Every structure is written in structure tokens, then in C-alpha cells.
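Data block below; observations after.
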Amino acid sequence: MKIKLLLLFCAGTLSVMGESLVRKFDFDRNTEAWYAPPYWSGKLTHSREAKSGGGSAKLTAAPKKDQTYGRMVSQNLTKLALAGRKFKITFYAGGKGELFAGMLAATVNSRGKNDYKLMLSETPLALTPEWRKGEAVFDFSEIAPVTLSMIFELKGEGEALIDEVRLFDLADSSVGMRPATPHLVISEKDSVPPICFNTAKPDTEASVMVFNRSRKMVRYPVKSDASGNIVWQGANIGAGLNHVTAAMNGATCDIPVSVLPPAEFAAFDELARKIKTADKVNILWLGDSLCDFDRSFNAVDKLSFWLNKYNPGKFHIENRAVRGDYILRVEERMLGRKCFAPAAYDNLWNKPYDFIVIQLGNNDCAATTNNRFASPVVATEKVVPAYERLLKLIRKHSSAKLIVTSATYPDVPLMTRNGERALGKYFFARFGMEQFVVPFNTAVKEFAAKNGAEFVDLHTPMKEGYAGENYVDGIHLSETGHTLMSRILLTHFANRK
């Protein structure tokens, strides 16, 4: 592993081609997504002193056993493909003591468990009453972290004020790395087909890393051919979701490969064989985080694989799902009003669609500790009018067949326990409360019947197929959860008249 720390004590910045912002933390009102775990030493508080804006993070060292230090860590960067990447942390700091920047990386070992490695720079930033800038570059071109967090550590006595923390992705944009093979789903009894990547760099050294959450990563040195193509075919593929990642000078591309038991694969295959078309079929997908997160291997991507299995190149799904969406926010965005992620619908109608899928309900039915889970985000009586208004907006641009889904079934036992634990202590959003979900699903089904739309019940089969392993956090789906949801959707397409 290569770890490089560059410390700059002036107003200038380090210019790196291909630099793009991944995360930013300004600590204007609080310490945001950072914390100081009790198993480490030190205290993290919010300070009104700032390099800019309304505040900064204050890290104070404290003795623990035979050491004195303070350590703060960010939330995991779990929604990024991390293997083969290069990252840079920039920050401003002032105070007293020596401050180290670092990263906490988790990789899968040979037993299928996570090994955690704390990486700190060898050279600290010497703190003074004046704000100074630090930069740290981390190269993961030879390892495949499954989670990654930023770290600041204050060694010895002292305290640090930290502000304007930025995480940048460093990639050589001239590499032009892109997948030539889409998301694959194969049976455990089948061999892995060739997996292909395209680059703009012929005859150039690269790496292919193959791993999943239960198998240690294996790295294969490769070289692009005279046309810039990288082709890999190997055997280090395990059951479940595998990642085959090509990396070249910080530029990466991940092709997920899902491996199913033979019987489950055969059931999917039987459904896929029923779907036949000679024409191109365009599908617009408006949904929430279940179809926004895990892009390239979520339920929509798996559905796309199966729709195209016996209709190669015929089905295209335009996935415009947005995390946190509910019916009223979809309406606001389509009207061009101020809302979260307004650009998500840019050029929405620049192509014709044959189907439009509205997959919502989870956030609509969510309830929070703010009113002791007394009411959902969208009141039941507002559901049908909101869907009807949205349909009118859609019909200004498209006559596509409309498909609407119910809310899904989350990990209700976990949500119930966590909700009860949070009451009176901290904010918590609880999903899947039956007293809100059932009326919502009924209302959406009534809307579909009234307006000639097709209705897909995700809730009932996901409840019948409930398993804690289908979720990563109680609401968002794991590989098995995405597989289950994709089977329900594929069943609808296979059996529609």
C-alpha cells in the first residue's frame, strides 16, 4: 500500500488532474457525521471558532491506559466503489499539538471477516494558533476496502480545531475506464464468462481485483491490449455478489457478478424466457433509495439483466430514482420547484418511453420520533390526489404505460426495536409501520385501478420472504434483498398481458 502525506502551510492548493469532490464537512452547526468512539481516547465537540462559516470540530486529547491522544472518525463511505481508488483529504486546522490525517480501511480476510487497518501519515501537521492547511493522499491501487472512513488523530497532549474537510477522488481522467460487460447473473454451476473493460490506454499495465464480502480479494496484474481493452476470466468467484474491478492509475470500473444457487437461477431463467420482444423497449424508473443505492447491481440492474437475457439489447431502463424520495417530492422536482437533487430529472423527457415505473412508499410511510411515530410523512388522504397530479404532469410528455408499486416490507422487527430504543433519546425514522403502509398500498392500488395503471405488490411477497439478511440497515437492501425484489418485478413483466 502506498500512503503519501503532503502538508501545505500556505493558501495554495495541490492541483491534481481528475480531482473530483466526494465529501465535504464544514462543521458549521455541529460535528456532522463524525464521532469519537468510547473505545478510543479523546473528546469531540463543536466549536464556534472557524476557518470559515459558523464553526469547526474540536478534538481534545485525553489519557487512556499508557497513551494520551484524541481520535475522531467519519461515517463509513459505504456507497462508494473503493477498490483501486486514490483519495485525497484536505483540511484546515489550528490549535496545539500534532495532528495526523488518516483513513480506516476494512478489507475481507481469508476467513470472510473484516480486518481493520488504521493508516496515519508519518509526518504530522504541527498546530499553531493560525489556521494551516494539510493534504493527505491515499492510494488503494492494490487493495480492495469494503468500507473506508476518514480519521484525524491528535497525538500527545493538546487540542485541535478542524474545519473545511474535503475528500477528493483522484483519477487519471484520460484512462477512460468503462464497462464493456454489464452486471452479470450466473449459476453456481456455470463457469464465469469473459469480463471486459474498455480504456483509452492501449498496452498499459493495470490490475483486476476480484472479491466479495466473504472471500479475500485476489489481485491479477493485467495489461490492456492494442485497442485498450482489458479482458479477465478466472475462477475466484464465490456465491452471492462478487466485484470484478479494473484499476489503472486511480481510474476504476467495477462489474458486479451475482452467483445464484442453480434452482434459484433456473426459476429466474424460466420467467425471463416468457419475455419476448422484437422492438426496443424504454422504461423510465422513478423511485427511492432502494433503486438509487447500489447502482450497477441493485434490483433495477438485476431486472435489466433478465429482461435482456433473451432479448439482447432490447430493454433499456432509465433509472432516475432518488434517495429519500416520496410522492410529494417527486411532484415538486417534476414541477421544477426547489427540492433535494433538482438536477436528477434534467432532460427527463429527451427520449420516448414505453413504460414508466413509480416505485415509492417507503419514505411516504416513514414516521419519526419528532411526533412519537404518530403520523407518516404523507398522510393517507393525500396519496391518491398526489399520484393523480403526478400522472397529469407525466401525460404532458408521455403516453407510456404506467406501473406503480406498493411500499416494500422492511426489517420490521429491527425497526420496531430501534424505534422503541430511540424514543425520548435521539432522532429516528421508522419505516414499515403497518398502520401507515397498509392504507398507503391500498390507496396506490385504487389509484392504479382508476387510472388504467398496472400495480405491483412488493410488500406481500417481501413480507412472506422476510429474512434479516435481506437488509443492510433495516430498510436498504442487501444482495439477497435486491435479488428478491428483482424476482417480484420480473414476475410482473413475465406475466403481464
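See the values below:
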quantity	calculated
Meets criteria (in contact with a Cys (Cβ under 6 Å, 6 or more places away or on another chain) and either among the aromatic types (Phe, Trp, Tyr) or farther than 27 Å from Leu127 by Cα (or both)) for Pro193	no
Any chance Val185 is within 23 Å of the chain's Cα centre (by Cα) and either exposed (fewer than 15 other Cβ atoms within 10 Å of the Cβ) or in the same structural domain as Leu77 (by TED's automatic domain parsing) (or both)	no
Residues of the stretch 135-162 satisfying the condition of being polar (S, T, N, Q) and under 19 Å from Glu32 (Cβ atoms)	Thr147, Ser149
Pick from the stretch 330-354, criterion small (Gly, Ala, Ser) and either out of contact with any helix residue (DSSP H, G or I) (no Cβ under 7 Å at 6 or more places or on another chain) or not assigned by TED's automatic domain parsing to the domain that holds Ser399 (or both), ranking: nearest to Ala278 (Cα to Cα)	Ala343
Near pairs, Cβ below 8 angstrom, 6+ apart or cross-chain, from the stretch 104-129 (modelled with pLDDT under 90) to any residue that is of a type in the set (Lys, Arg) and part of a loop (DSSP other than H, G, I, E, B)	Val108/Arg213; Gly112/Arg213
Residue within the stretch 282-294 that is modelled with pLDDT under 95 and buried (at least 21 other Cβ atoms within 10 Å of the Cβ) present	yes
Residue in the stretch 103-123 that is within 20 Å of Asn212 (Cα to Cα), in the same structural domain as Asn76 (by TED's automatic domain parsing) and touching a Gly at 6+ places or on another chain (Cβ under 8 Å) present	no
Any strands (runs of 3 or more DSSP E) falling wholly within the stretch 245-324 and containing at least 3 residues that are assigned by TED's automatic domain parsing to the domain that holds Tyr345 and either of a type in the set (Ser, Thr, Tyr) or more than 30 Å from Pro221 (Cα to Cα) (or both)	281-287, 315-319
Which listed residue is part of a strand (DSSP E or B) and on the phi < 0 side of the Ramachandran plot, from Ile151, Ile143	Ile151
Any hit, the stretch 155-162, residues being touching a strand residue (DSSP E or B) at 6+ places or on another chain (Cβ under 7 Å) and more than 30 Å from Thr68 (Cβ to Cβ)	no
In the stretch 361-400, the residues that are among the small types (Gly, Ala, Ser) and touching a strand residue (DSSP E or B) at 6+ places or on another chain (Cβ under 9 Å)	Gly361, Ala366, Ala367, Ala374, Ser375, Ser398, Ala400
Hits in the stretch 1-27 - residues which are at pLDDT 50 or above and over 18 Å from Met150 (Cβ atoms)	Gly18
Odd one out for Arg337 among (1) crowded, with 20+ Cβ neighbours inside 10 Å; (2) free of Cβ contacts under 8 Å to residues at least 60 places away in the same chain	(1)
Test: residue in the stretch 315-327 that is among the polar types (S, T, N, Q), at pLDDT 95 or above and surrounded by 15 or more Cβ atoms within 10 Å (Cβ to Cβ)	yes
Any pair with Cβ under 9 angstrom, 6 or more apart, that starts in the stretch 214-228 at a residue that is on the phi > 0 side of the Ramachandran plot and ends at one that is polar (S, T, N, Q)	Gly228/Asn198; Gly228/Thr199; Gly228/Thr204
Output for the stretch 31-60, where each listed residue is among the charged types (D, E, K, R) and assigned to a loop (DSSP other than H, G, I, E, B)	Glu32, Arg48, Glu49, Lys51
Residue list for the stretch 356-383, restricted to those being more than 29 Å from the chain's Cα centre (by Cα) and crowded, with 17+ Cβ neighbours inside 10 Å	Thr380
From Phe91, Phe138, Phe100, residue being within 22 Å of the chain's Cα centre (by Cα) and assigned to a strand (DSSP E or B)	Phe138
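The values are calculated or read from the model by the stated rules, or taken from the named source; none is laboratory data. Source: prediction; values computed, not measured. Don't worry about glycine lacking a Cβ; one is built from the backbone with ideal geometry, like all the others, and counts go over all protein chains shown.
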